[in-house]
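First the structure, in the form of structure tokens, and then the observations on it.
The values are calculated or read from the model by the stated rules, or taken from the named source; none is laboratory data. In this text, all values refer to a predicted model and were calculated from it rather than measured experimentally. Here the Cβ positions follow ideal geometry from the backbone for every residue, glycine too, while neighbour counts run over all protein chains shown.
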Amino acid sequence: MAGAHGGGGEYKDLVVFLAAAGVVVPLFSRWKISPVLGFLAAGVLLGPDGLGRFSDVVPWLGLLTISDAEQLAQLSELGVAFLLFMIGLELSWDRLRAMRRLVFGLGMSQIALCAAVLAGGFMLMGQPLASAAVLGLGLSLSSTAVVMPVMAERNRMRGSVGRATFATLLAQDLAVAPILVTVTVLATLAMTGGDLDPSTIGRALLTLAPAAAVIALLVVVGRLGLRPLFRSVAKSRSKGGGGRQELFVALCLLIVVGAGVAAEAAGLSMSLGALIAGLLLAETEYRREIEINIEPFKGLLLGVFFVGVGIGLDLDAVAANPVGVFGLALALTAVKAGLIFGLARLWGLSWRAAVETALVLGPAGEFAFVILNTGLVEGIADPAFTQAVLVSATISMFSVPLMAMLGQKLAGKAPVATALIPTEAEPRAGDVLIVGFGRVGRLVAEMLAEHGQSFIAVDSDVSTVAAARRDGFNVSYGDAARPEMLKLCGIDETRAVVVTMDAPGKVDEVVIAARALRADLPVIARARDDRHAARLYALGVTDAVPETTEASLQLAENTLVDLGIPMGLVLASIHERRDKFRAVFQEAIPADRRDRPTRALRARLQP
């Protein structure tokens, strides 16, 4: 046993990756260079062709290299799956339906045109029809895993550029399975000498049947089972407090991995299964809480993917023929970018948006490796030529952050991103964010609706959320004391926050989080009593409404009206008295002590 585990060699590559994530990538961020480039560079540096090349001369360098790239490959595939899951969470079926013109118009036409032109180019280079077709289909796809984080990092996901880019990438992800079937048909064509009868084509197309069945099963099981599963865990979490957080995280991981594995077993990509799971959960009240829990895993696992891409760069092949490798990468990117620019203009994008979209989608993508390797296995693609093409494809993926920077300079400034996936159907943030949707919160919501003010609400009680959604209210499950939750609820755009919870401690935490994110935001909070109201003013609320004081004022108002005092005089006196109370609350805490509750609560909220 000691021998099996004492050396820790099986964990060396993981330790090296974590060291890269903790050292190399922060350095790139400090230099204002894309973290994606940091991970890619770390992969090249720490791979067998980087520092590993000198480990024979300097043995200790072997401790700083990743020797088994296959060990990281499975984790990197999970990273792409998590990215697609997050995209699905923000997309939803309604938004997908709203984007159908771009997805099935611009996206599918891009795949068809780029595949045809690239295949024609490879035929001119001497490749047979079947091999050229496989190469064209594989290289027509772009990198969702690289493009989406880079675009989001540069705040370019809103507006026409974000919609067109994502729609094209989504179309490409949907096309992977049919492309793999096409490769199988081409292999059969090559084996039969070009004689394909209907039965042969039918057998090839039957390979799509398991995929269709699994997609249908995922949709049915997801619609019937996901909400009860999350409701059960959320109830357990509410009863057990923060100690049940790990159950929620575990369920999120189960959904992503389970859907991905099911899709992969049917011949689809793991990322497509994760996308479907995200689409199903986007319609539930747990969407925002799931996003918060999944985000750390997605970022780290995508880092593994980028490191894997860097490791896969064959530096020997580059050194042997640098002009050919870089020339092919440049030609591939230029041809695709030119074609995508023309199609983007055809589908109504401005020339600036079309240029930026074309530049980021021009390089090759991760699915090129899947499709071209399948072509190699099926005996269609020429091994030596395909390996050279894969090296050029990897080089082109390295250029995505640079292409995004160039595209942004050419296209001009874009609005700040508030969501990963923008669409024409993207609902604007509510005019008001209501925190707590019990009796008081529901009444506030009804009054806002009566006066034509939009709102969204969040509550940490699963039963309250379920009842509100049954009644048609836009309420999400989650803890609004977490800044991440407030951001997902649109606090950057909302006009006011109303905190209606009856737990004074939680009210304080939400006020601190909201005020830290936006100093100019009107925050109206429910207070337990006069002392709590004074504390809330010290924490920075715009208005605090103490229950005891308001009950007294309401009783006085009703009594005076019943005694025959004119309503106008009564209301004027009530408002005057309320203003006096507010002034007293604000002045109740000495100046040198007003910030002490804030500091104490902030310390308590530190992770």
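I need the full set of residues from the stretch 348-373 which are more than 18 Å from residue 122 (Cα to Cα), in contact (Cβ under 8 Å) with a residue 24 or more places away in the chain and surrounded by fewer than 19 Cβ atoms within 10 Å (Cβ to Cβ), in order please.
Listed by number, the residues that qualify are 350, 352, 370.
What are the residues in the stretch 142-176 that are at positive phi and in a loop (DSSP other than H, G, I, E, B), if any?
155, the sole residue that qualifies.
Tell me which residues, restricted to the stretch 422-441, are crowded, with 20+ Cβ neighbours inside 10 Å and either at pLDDT 85 or above or in contact with a Lys or Arg (Cβ under 7 Å, 6 or more places away or on another chain) (or both).
Those that are crowded, with 20+ Cβ neighbours inside 10 Å and either at pLDDT 85 or above or in contact with a Lys or Arg (Cβ under 7 Å, 6 or more places away or on another chain) (or both): 422, 423, 432, 433, 434, 435, 436, 437, 441.
I'd like to check something: does the stretch 521-529 contain any residue that is in a helix (DSSP H, G or I), farther than 23 Å from residue 289 by Cβ and over 33 Å from the mean Cα position of the chain (by Cα)?
Looking through the stretch 521-529, none of the residues is in a helix (DSSP H, G or I), farther than 23 Å from residue 289 by Cβ and over 33 Å from the mean Cα position of the chain (by Cα).
Residues of the stretch 428-466 being part of a helix (DSSP H, G or I), more than 20 Å from residue 281 (Cβ to Cβ) and hydrophobic (A, V, I, L, M, F, W, C), which ones?
Result: 440, 443, 444, 445, 447, 448, 449.
What's the number of the condition residue 96 fails, among (1) assigned by TED's automatic domain parsing to the domain that holds residue 20; (2) farther than 17 Å from residue 369 by Cβ?
It fails just one condition, (1).
Enumerate the helices (runs of 4 or more DSSP H) found wholly within the stretch 295-382, keeping only those where 1 or more residues are of a type in the set (S, T, N, Q) and not assigned by TED's automatic domain parsing to the domain that holds residue 186.
none
List the number of the failed condition for residue 277; all other conditions in (1) outside any helix (DSSP H, G or I); (2) touching a Phe, Trp or Tyr at 6+ places or on another chain (Cβ under 7 Å) hold.
Unmet for residue 277, out of (1) outside any helix (DSSP H, G or I); (2) touching a Phe, Trp or Tyr at 6+ places or on another chain (Cβ under 7 Å): (1).
From 502, 508, 529, grab the single residue that is buried (at least 16 other Cβ atoms within 10 Å of the Cβ) and either acidic (Asp, Glu) or assigned by TED's automatic domain parsing to the domain that holds residue 86 (or both).
From the options 502, 508, 529, the qualifying one is 508.
Output yes when any residue across the stretch 93-114 is surrounded by 16 or more Cβ atoms within 10 Å (Cβ to Cβ), outside any helix (DSSP H, G or I) and touching a Phe, Trp or Tyr at 6+ places or on another chain (Cβ under 9 Å), and no when none is.
Yes; the residues of the stretch 93-114 include at least one that is surrounded by 16 or more Cβ atoms within 10 Å (Cβ to Cβ), outside any helix (DSSP H, G or I) and touching a Phe, Trp or Tyr at 6+ places or on another chain (Cβ under 9 Å).
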